[in-house]
Amino acid sequence: MTKVHLPIFDHDDAFFWQGTAEGKLLIQRCTNCCALRHPPAPMCARCSSFDWDTIESSGRGVIRSWIVSQHPTEPSTEPRIVILVELDEGTRLVSNLHGSPADNVANGLRVEAVFVDFGDIVLPQFRLATDGVER
Amino acid sequence: MTVPAKQRAVIAGIGQTEFSQDSGRSTLRLAAEASIAAIRDAGLEPRHIDGMVTFTLDNNDELAVMRTLGIPEIRFAARTRGGGGGACATVQLAAAAVESGQADAVLVYRAFNERSQHRFGQPVQQSPDPAWNFALPFGLDTPAKVYALTFQNYMHEFGLTNADFGSYTVVARDWASTNPAAQFFNRPITLDDHQSSRWIVEPILRKLDCCLESDGGVAMIITTAERAADLDCFPVAIPASSAAHLEGGHEMFAYYHDDLAAYPEGTALGRLLCGQAGIAIDDIDVAMIYENFSPIVFLQLEAFGFCGRGEARDFIADGNIGRGGSLPVNTNGGLLGEGYIHGMNNILEAVRQLRGTAANQQENIQHVLVSAGRSGLILGR
């Protein structure tokens, strides 16, 4: 099993990690002006409101960039493909491509969220979408 | 803001240790060695120093430096935010202090054992910075990985391969090969050497795309033109100094700006610096460009407008940044060739180019740009 460094979350982003534990990918939303934001923040930068709730993301998006992550001095460790996903809702997040070799990853591929239990934490991961058309 | 000419800040003295992979001494000693060299270069004594500026990340407390050097009293102390991006902001802070009369002579220092002790390039285990929560659990645990995730988008957008980045390293190592103070003195490389170095982050960065983690210390003395005129020193003018931070940015995670293949902080910095100095970017004779990793040079060349978007590859391949080029870049070998003292050693090279004392001295130098990415300087004669 891949060793995962655990987040040290606080009041601003605890909701995100509670959501992933329940298999939900949540995006913070300003309840005043409805602007979405990620990474989480305590205030809306557009309208200065401190009031917010969350929406559940469709989990669908597109790969904007990617790398193969390996330990710099321990090449025998299992590599992870890190991707930057732009969700259909418009926010971006860093995640991993799950279940595909590096040969199959490319900018512009559509992906969909899956939730993987790493023991101490459930992380949102992404797999290539079944309707994976390039754009 | 109009500051009278005699009140304008200048860099009056510079000092440094050797740059190495293992200094064999404390960071406080490195800070002291660099500082006393800079103080003497400015024609001053430690008792004349009344202000201090360093990085928030520096481990050498101001009071420890005072006790070590024998500085009896200071009335100004400030530290810059962030990492190497703030290198030039140290000079901005010091200049603001002397131009406003808050200090007469400010010691700027940065010293660390970044190779033999705490290496920035090694994986972090945990960070209280909440931005890491959305990177570290997914495997982004080193600066190389964090930066590479945006560099990949730049490569994709403009069709570059890792070998294109190697063309910068070849130039940097060529400059370093004739700089006796560079750790890679007498050790030029070919593109084949670059391409046979091991992957650090596939398929973006090889080992020879990464800066040279180093031990060492660097220091400068900032005072006014009027004071410098009375000292036995060779002052260099500071026509512009600025920081440039943008909403949505982060010291390392540039994932949330609209355009992932651009460096908007660099564009803002160029506008701010040129506006302050009253010159155009084409008036720059030499550019010192912070490079923790080679691709950041490409992004900055484009952000400053030395070439168009996506054109840095051809700009470098055509020989513009090397010997005899239209814009010599990182003439000391830069952070890949001379050493990585958090970008501060590039400021010293700019001073040497303007004094006419650089190992790779360029002719008729009037303006040198120093960019740390999120802070910068234009230095002049």
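To the nearest whole number, what is the average tally of beta carbon atoms from other chains within 10 Å of the beta carbons of peptide A:59-70?
Mean number of neighbouring Cβ atoms from other chains: 6.
Neighbour counts of C-beta atoms inside 10 Å place B:Trp175, A:Trp17 in the sequence A:Trp17, B:Trp175, starting with the fewest.
In what sequence do A:Thr91, B:Thr161 fall when counting other Cβ within 10 Å, fewest first?
On the way: A:Thr91 17, B:Thr161 12.
Ranked by crowding around the Cβ, least crowded first: B:Thr161, A:Thr91.
Taking chymotrypsin sites (Phe, Trp or Tyr not before Pro) across the range A:19-78, the ones in a DSSP loop with at most 15 further Cβ atoms lying within 10 angstrom of their Cβ are A:Phe50.
Using the Cβ atoms and a cut-off under 10 Å, what net charge is assigned to the surroundings of B:Gly334, where Lys and Arg are +1 and Asp and Glu are -1?
-2
So how tilted is helix B:295-304 from the main axis of chain B? Cα-based, degrees 0 to 90, rounded to 10. Around 70 degrees separate the two axes. Using C-alpha pairs below 8 Å separated by at least 6 residues, the relative contact order for the range A:14-128 is 23 percent. Across peptide B:201-213, the mean count of Cβ atoms from other chains lying within 10 Å of each residue's own Cβ comes to 2.
Helix B:143-158 and the longest principal axis of the Cα set of chain B meet at an angle near 60°.
Taking other Cβ atoms within 10 Å as a rough exposure proxy, B:Met344, A:Met43 sort from fewest to most as A:Met43, B:Met344.
Taking 7 Å steps out from each Cα toward its Cβ at A:Leu6 and B:Gln366 produces label points 6.2 nm apart.
Peptide packing: for B:138-149, B:236-247, the average count of neighbouring Cβ atoms within 10 Å per residue gives the ranking B:138-149, B:236-247, highest mean first.
Compared with the dominant Cα axis of chain B, that is its longest principal axis, helix B:27-41 is turned about 60°. Peptide B:140-148 shows a mean partner chain C-beta count of 4 within 10 Å per residue C-beta.
The order of the peptides B:14-21, B:332-339 by mean Cβ neighbours within 10 Å, most packed first, is B:332-339, B:14-21.
For the range B:285-321, run through the GluC sites (Glu not before Pro) and keep only the ones in DSSP coil with at most 10 other Cβ atoms within 10 Å of their Cβ. Loop-located and lightly packed - none at all.
Computed over chain B, relative contact order equals 24 percent, with contacts defined as Cα pairs under 8 Å that lie 6+ residues apart.
Checking every one of the GluC sites (Glu not before Pro) in the range A:32-135 against DSSP loop status and a limit of 10 other Cβ atoms within 10 Å picks out A:Glu134.
Only the coordinates and a few stated rules stand behind these numbers; no lab work does. Computed from a predicted structure; not experimentally measured. Note that we place each Cβ from the backbone using ideal geometry, even for glycine, and neighbour counts take in every protein chain shown.
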